[in-house]
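A short worksheet on the structure shown next.
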Amino acid sequence: MTRIAATLVVLWSLGPFLWFSLVSVKGPQEVSRRPPTLVPERPTLEGYRLAAGEGLLRWMRNSAVVSGATTLVAIPLAAMAAYALSRTRLRGRRAILGLLLAVS
């Protein structure tokens with residue numbers, strides 16, 4: 001039963017990625033069509049050409065630099081905080097550790 005539930009959760013989670021991938025190869029008229037179609041009638045890569053011409057690679061590089069720097073700062077800080085919390089006897093220590101794990 002848990003495998004079925006896990007499979008359903010994975011399929012549900014992959015749905016938006018499938019939708020965005022299919023929409024990315026549709027033309028402007030087909031994207032705004034009502035009701036929307038799942039499979040593009042005439043797939044095109046024009047949107048990707050336009051995005052590449054607008055500096056998409058530079059934006060992606062900037063995002064990678066910012067996320068990498070944030071990760072390099074967050075991981076050591078979270079590790080130090082987790083170590084300190086594991087060594088002290090606080091009420092609610094497990095909740096704090098769980099919250100720390102959830103946000104890092």
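The values are calculated or read from the model by the stated rules, or taken from the named source; none is laboratory data. None of the values given here were measured: they were computed from a predicted structure. Here Cβ is always computed from backbone atoms with ideal geometry, including for glycine, and neighbour counts include all displayed protein chains.
Provide a single number: the residues in the stretch 1-45 that are part of a helix (DSSP H, G or I) and either surrounded by 12 or more Cβ atoms within 10 Å (Cβ to Cβ) or in contact with a Gly (Cβ under 6 Å, 6 or more places away or on another chain) (or both).
So the count comes out to 6.
Taking only pairs six or more apart or across chains, which ones have beta-carbon atoms under 7 Å, a first residue in the stretch 41-55 that is within 14 Å of G27 (Cα to Cα), and a second residue that is acidic (D, E)?
Partner pairs satisfying both residue conditions: E41/E30.
Conditions first: (1) over 30 Å from P28 (Cα atoms); (2) surrounded by fewer than 10 Cβ atoms within 10 Å (Cβ to Cβ). A79 passes all but one, so which condition is the exception?
(2)
Has the stretch 63-79 got any residue that is outside the structural domain of W19 (by TED's automatic domain parsing) and at pLDDT below 85?
yes
What number of residues within the stretch 7-31 satisfy the criterion of being under 15 Å from the mean Cα position of the chain (by Cα) and of a type in the set (D, E)?
0
Looking only at the stretch 85-92, decide whether some residue is hydroxyl-bearing (S, T, Y), in a helix (DSSP H, G or I) and modelled with pLDDT under 95.
Yes, that holds for at least one residue.
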